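Right, one structure below, let's go through it.
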2 protein chains.
Amino acid sequence: MRLSRYFLPVLKETPSEAQIVSHRYMLRAGMIKQASAGIYSWLPMGFKVLRKLENIVHEEQMRAGHIPMLMPTMQSADLWRESGRYDGYGEEMLRVQDRHGRDMLFSPTAEEMFTDVFRSHVKSYKDLPLTLYQIQWKFRDEIRPRFGVMRGREFYMKDGYNFDLTKEDALHAYNRHLVSYLRTYERMGLQAIPMRADSGPIGGDYTHEFLVLAETGESEVFYDSEITELKFGDREIDFDNVAQCQAVMDEFTSRYARTDETHDKALFDQVPEDRRRVARGIEVGQIFYFGTQYSDALGATVQTPEGGSVPVHMGSHGIGVSRLLGAIIEASHDEKGIIWPEGVTPFHCGIVNLKQGDEAADGACDALYKSLVALGLEPLYDDRKERAGGKFATMDLIGLPWRITVGPRGLKNGVVELTCRRTGESEELPPEQAVEKIAKIYAGL
Amino acid sequence: MRLSRYFLPVLKETPSEAQIVSHRYMLRAGMIKQASAGIYSWLPMGFKVLRKLENIVHEEQMRAGHIPMLMPTMQSADLWRESGRYDGYGEEMLRVQDRHGRDMLFSPTAEEMFTDVFRSHVKSYKDLPLTLYQIQWKFRDEIRPRFGVMRGREFYMKDGYNFDLTKEDALHAYNRHLVSYLRTYERMGLQAIPMRADSGPIGGDYTHEFLVLAETGESEVFYDSEITELKFGDREIDFDNVAQCQAVMDEFTSRYARTDETHDKALFDQVPEDRRRVARGIEVGQIFYFGTQYSDALGATVQTPEGGSVPVHMGSHGIGVSRLLGAIIEASHDEKGIIWPEGVTPFHCGIVNLKQGDEAADGACDALYKSLVALGLEPLYDDRKERAGGKFATMDLIGLPWRITVGPRGLKNGVVELTCRRTGESEELPPEQAVEKIAKIYAGL
């Protein structure tokens with residue numbers, strides 16, 4: 001993309017309403033614009049990252065054998081009355097009447113809808129196991145929306161629902177989600193730690209939240225520092241393999257890691273003192289086994305091999321996709337701006353032309369641009385007639401991981417400058433070597 | 001995908017509420033499920049096609065230089081009051097109050113939102129031309145929703161908005177949209193004819209609807225039969241080239257083609273009688289130049305090269321993405337079911353195992369499946385223990401363009417059967433040749 005043809009409305013001033021760094025940088029880098037309280041328009045670069053995150057979530061869900069579909073945002077109140085949640089949900093539910101006076105609502109979550117699809121179509125244990133999911137806009141009418149996309153009212157979420165014959169099968173689905181979430185977050189450059197969460201009125205041990213450590217996190221977290229040394233990495237996983245998924249679950253949840261909601265001081269004190277950490281975290285996902293709560297209420301049963309009929313065991317599993325943009329920036333930035341992890345960056349590298357209009361510089365930039373595009377990469381070429389300082393400031397703010405700087409002086413020596421956004425380190429090298437190096441960095445991502 | 005692991009709830013009976021064939025087949029093929037009147041859940045195979053259509057629209061819009069972003073579904077009423085449309089929009093607009101009593105609405109279209117983003121960030125003619133677009137869920141509270149996804153209440157639409165300095169520039173944007181739409185529909189296997197449309201209270205000649213011919217179409221259409229011989233084909237287009245886009249516009253709109261709303265009998269009678277056609281059509285898109293209506297109302301102005309300030313010239317351009325599924329099926333089916341065009345089919349081919357459990361048949365199917373996947377293709381392998389008749393009926397209903405049938409008898413002679421869904425023609429050939437042939441069909445799509 002050539003910047004002169006893109007729409008990247010970078011702001012010079014820091015917007016006064018933004019209290020945390022991700023909100024500030026998303027506004028300043030022209031990624032979002034507030035439309036109403038807690039509701040945002042996704043400007044082109046914000047949308048581009050959102051779409052990348054969505055695609056990673058889809059890929060990892062499908063890899064785990066989960067099946068994508070899509071529910072409508074507007075739902076009839078009837079199903080929610082059947083499950084008993086309509087009256088109790090409170091003011092966070094956006095309630096609407098349509099022109100015929102029928103009660104509708106903007107879906108804040110979709111247990112009822114998925115259970116309804118299931119009960120309409122699945123009758124036999126032979127069709128299990130089954131995990132269906134969607135990535136769809138949700139609405140929760142927060143009383144005080146804040147922190148930009150981190151606690152908005154309209155937000156993009158992946159929510160998945162497993163349907164299983166037995167509790168054991170459902171717990172395998174639970175583990176499978178944990179494994180796939182670990183992969184998902186690592187691809188996004190995040191370390192998200194599964195922490196035992198509060199299961200609320202439903203009870204049971206089976207819910208974990210995934211938290212990204214960040215000073216601005218809304219939750220206080222307590223953990224054994226050994227947990228931050230764990231990496232999921234490239235390991236091959238057979239998602240049907242119960243023992244393999246259980247082993248990953250055990251590895252990533254056997255050490256102490258809890259939020260303030262479930263913190264147990266006595267247990268925490270058993271962690272060796274030099275490994276005890278108290279910090280703050282941002283919740284980016286949650287997995288949950290809740291048994292037959294919804295299948296009982298909505299009559300979602302299957303025939304068993306023996307001929308009887310039993311309610312299915314279910315769980316629900318969420319990833320806050322729009323919120324992840326905020327979380328990634330909270331976890332990866334400096335005083336100049338965002339630092340995108342390579343796996344989610346909106347453009348693979350920036351090209352800064354130090355002297356737009358100079359024949360050699362323009363030609364070299366065009367050639368670099370074409371070489372990168374030919375390799376399937378997406379560069380952002382700042383081809384505006386601006387001074388170099390402004391171009392550097394923009395590139396630092398929007399946080400592309402790599403920058404190639406092209407100027408007449410370097411070109412005389414046959415070199416351009418390749419700069420790493422994270423370390424700030426630069427090296428001079430011939431243009432074709434810079435292209436090669438960038439291609440190598442992104443190979444396999 | 002192995003059918004035993006997929007969620008494809010095919011119905012045996014024809015649902016009584018479905019009046020037109022696309023609605024019937026989408027329900028029967030397990031693509032959608034009605035959630036409320038005019039509101040559908042997109043089951044996995046329906047979602048898969050929807051996503052393919054969405055991707056084609058994105059690719060073609062970006063090819064034309066248009067920039068994707070995303071607006072929220074819930075919007076404040078304030079902007080609509082500013083443009084003067086809030087009170088007049090009528091009961092089709094779904095109006096909501098949030099918990100603080102603020103008037104909101106579920107966006108039925110987004111002229112106001114895009115104009116607001118534009119006026120907030122663009123101040124100079126130097127940033128023009130600019131075309132921004134989104135693909136997002138919209139809501140129109142139709143009094144009598146019907147025909148499945150063809151006239152639903154919650155629907156998925158691409159809406160794009162061009163911002164230009166002059167009327168001439170805006171008309172180039174108009175032509176550019178026409179060209180990109182022609183490409184888009186052809187990739188989907190559709191012939192969509194641009195027809196002069198009614199511009200309503202705004203006036204002017206600059207609006208075309210794109211109509212797909214189908215007996216069940218909601219509009220009566222009148223056209224010169226020569227127009228159906230036009231193909232956009234593979235031609236290379238430079239979307240910046242004003243003359244080139246104008247030439248395509250002229251080629252595709254110089255013959256008579258109008259809907260009942262704009263039909264002019266005297267003009268139609270000038271078409272040679274043997275070329276006059278009266279038929280029915282389904283609207284799948286519309287392009288519109290409306291000048292400065294919204295930029296005047298909302299104060300979207302730019303500085304001119306001479307230093308003055310002028311309102312920008314705008315147009316809006318829509319493609320009904322969810323409606324397209326219905327339109328494609330209306331235009332491409334037979335009495336057995338859907339016939340997907342290769343460009344949008346949910347799976348590239350089906351594999352039918354005539355004797356599940358037979359070692360040779362199972363092995364051959366597995367090998368075929370793996371070969372196709374290795375080539376980047378997506379087969380749907382019916383690995384259920386069902387009789388052959390049921391498997392064929394399902395494949396015909398869901399309409400994959402190609403089917404490979406594998407049975408012990410053929411395998412003894414070293415062959416499988418490759419069947420074309422559209423023609424019904426079959427040929428016997430060795431498995432590796434069947435794979436090769438399918439790969440060739442999809443190469444370049």
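Okay, here's what the table says:
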{"quantity": "Subset of region A:413-426 [more than 14 Å from residue A:372 (Cβ to Cβ) and in contact (Cβ under 8 Å) with a residue 40 or more places away in the chain]", "calculated": "A:421, A:422"}
{"quantity": "Lone qualifier among B:154, B:168, B:209 - being surrounded by fewer than 23 Cβ atoms within 10 Å (Cβ to Cβ) and either within 19 Å of residue B:311 (Cβ to Cβ) or charged (D, E, K, R) (or both)", "calculated": "B:168"}
{"quantity": "Residue in region B:347-362 that is within 22 Å of residue B:212 (Cβ to Cβ), in contact (Cβ under 8 Å) with a residue 24 or more places away in the chain and surrounded by fewer than 24 Cβ atoms within 10 Å (Cβ to Cβ) present", "calculated": "no"}
{"quantity": "Strands (runs of 3 or more DSSP E) contained in region B:208-297 and holding at least 3 residues more than 16 Å from residue B:191 (Cα to Cα) and not β-branched (Val, Ile, Thr)", "calculated": "B:276-291"}
{"quantity": "Residue list for region B:372-399, filter: buried (at least 17 other Cβ atoms within 10 Å of the Cβ) and over 31 Å from the mean Cα position of the chain (by Cα)", "calculated": "B:383"}
{"quantity": "Odd one out for residue B:90 among (1) within 29 Å of residue A:80 (Cβ to Cβ); (2) modelled with pLDDT of 95 or more; (3) out of contact with any Phe, Trp or Tyr (no Cβ under 8 Å at 6 or more places or on another chain)", "calculated": "(2)"}
{"quantity": "Residue within region A:37-50 that is more than 10 Å from chain B (Cβ to nearest Cβ) and in a helix (DSSP H, G or I) present", "calculated": "yes"}
{"quantity": "Test: residue in region B:37-47 that is under 18 Å from residue B:347 (Cα atoms) and out of contact with any helix residue (DSSP H, G or I) (no Cβ under 9 Å at 6 or more places or on another chain)", "calculated": "yes"}
{"quantity": "Test: residue in region B:83-90 that is assigned to a strand (DSSP E or B) and touching a Pro at 6+ places or on another chain (Cβ under 8 Å)", "calculated": "no"}
{"quantity": "Residue check, residue A:394 touching a residue at least 60 places away in the same chain (Cβ under 8 Å) and on the phi < 0 side of the Ramachandran plot", "calculated": "yes"}
{"quantity": "Count of region B:1-36 residues which are in a strand (DSSP E or B) and touching a His at 6+ places or on another chain (Cβ under 9 Å)", "calculated": "2"}
{"quantity": "Residue that is nearest to the chain's Cα centre (by Cα), among those in region A:281-296 that are surrounded by 16 or more Cβ atoms within 10 Å (Cβ to Cβ) and farther than 17 Å from residue A:171 by Cα", "calculated": "A:284"}
{"quantity": "Counted residues, region A:115-130 - those being buried (at least 22 other Cβ atoms within 10 Å of the Cβ) and either within 22 Å of the chain's Cα centre (by Cα) or of a type in the set (S, T, N, Q) (or both)", "calculated": "1"}
{"quantity": "Residue in region A:329-336 that is in a helix (DSSP H, G or I), assigned by TED's automatic domain parsing to the domain that holds residue A:168 and not charged (D, E, K, R) present", "calculated": "yes"}
{"quantity": "Test: residue in region B:178-185 that is under 28 Å from residue A:144 (Cα atoms), in contact (Cβ under 8 Å) with a residue 24 or more places away in the chain and of a type in the set (D, E, K, R)", "calculated": "no"}
{"quantity": "Of residues in region B:57-94 being within 13 Å of chain A (Cβ to nearest Cβ) and at positive phi, the one surrounded by the fewest Cβ atoms within 10 Å (Cβ to Cβ)", "calculated": "B:90"}
{"quantity": "Filtered residue count, region A:102-154, keeping only those that are of a type outside the set (Val, Ile, Thr) and over 28 Å from residue A:38 (Cβ atoms)", "calculated": "14"}
{"quantity": "Filter pass, residue A:405 being more than 14 Å from residue A:10 (Cβ to Cβ), within 28 Å of the chain's Cα centre (by Cα) and hydroxyl-bearing (Ser, Thr, Tyr)", "calculated": "no"}
{"quantity": "Qualifying position, being modelled with pLDDT of 95 or more and either more than 25 Å from residue A:47 (Cβ to Cβ) or acidic (Asp, Glu) (or both), among A:377, A:397, A:372, A:418", "calculated": "A:418"}
{"quantity": "Subset of region B:14-36 (residues that are within 14 Å of another protein chain (Cβ to nearest Cβ) and out of contact with any strand residue (DSSP E or B) (no Cβ under 8 Å at 6 or more places or on another chain))", "calculated": "B:15, B:30"}
{"quantity": "Qualifying residue in region A:100-107 (condition: in contact (Cβ under 8 Å) with a residue 40 or more places away in the chain and more than 9 Å from chain B (Cβ to nearest Cβ))", "calculated": "no"}
{"quantity": "Enumeration of residues in region B:298-315 that are among the small types (Gly, Ala, Ser) and assigned to a strand (DSSP E or B)", "calculated": "B:309, B:315"}
{"quantity": "Conditions (1) over 20 Å from residue B:46 (Cα atoms); (2) touching a residue at least 60 places away in the same chain (Cβ under 8 Å); (3) aliphatic (A, V, I, L, M): number failed by residue A:77", "calculated": "(2)"}
{"quantity": "Output for region B:297-316, where each listed residue is hydroxyl-bearing (Ser, Thr, Tyr) and surrounded by 20 or more Cβ atoms within 10 Å (Cβ to Cβ)", "calculated": "B:316"}
{"quantity": "Among the residues listed as A:350, A:318, A:326, the single one being under 30 Å from residue A:225 (Cα atoms) and either hydroxyl-bearing (Ser, Thr, Tyr) or part of a strand (DSSP E or B) (or both)", "calculated": "A:318"}
{"quantity": "Residues being part of a loop (DSSP other than H, G, I, E, B) and facing chain A (nearest Cβ under 8 Å) - total across region B:108-144", "calculated": "3"}
{"quantity": "Within region A:180-191, tally of residues that are surrounded by fewer than 23 Cβ atoms within 10 Å (Cβ to Cβ), in a helix (DSSP H, G or I) and touching a helix residue (DSSP H, G or I) at 6+ places or on another chain (Cβ under 7 Å)", "calculated": "2"}
{"quantity": "Single condition residue B:111 does not satisfy, out of (1) acidic (Asp, Glu); (2) over 18 Å from residue B:163 (Cβ atoms); (3) buried (at least 19 other Cβ atoms within 10 Å of the Cβ)", "calculated": "(2)"}
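The values are calculated or read from the model by the stated rules, or taken from the named source; none is laboratory data. Predicted model only: the values in this text are computed from it and were never measured. Positions of Cβ are generated from backbone atoms using ideal geometry, with glycine treated the same way; all protein chains shown enter the neighbour counts.
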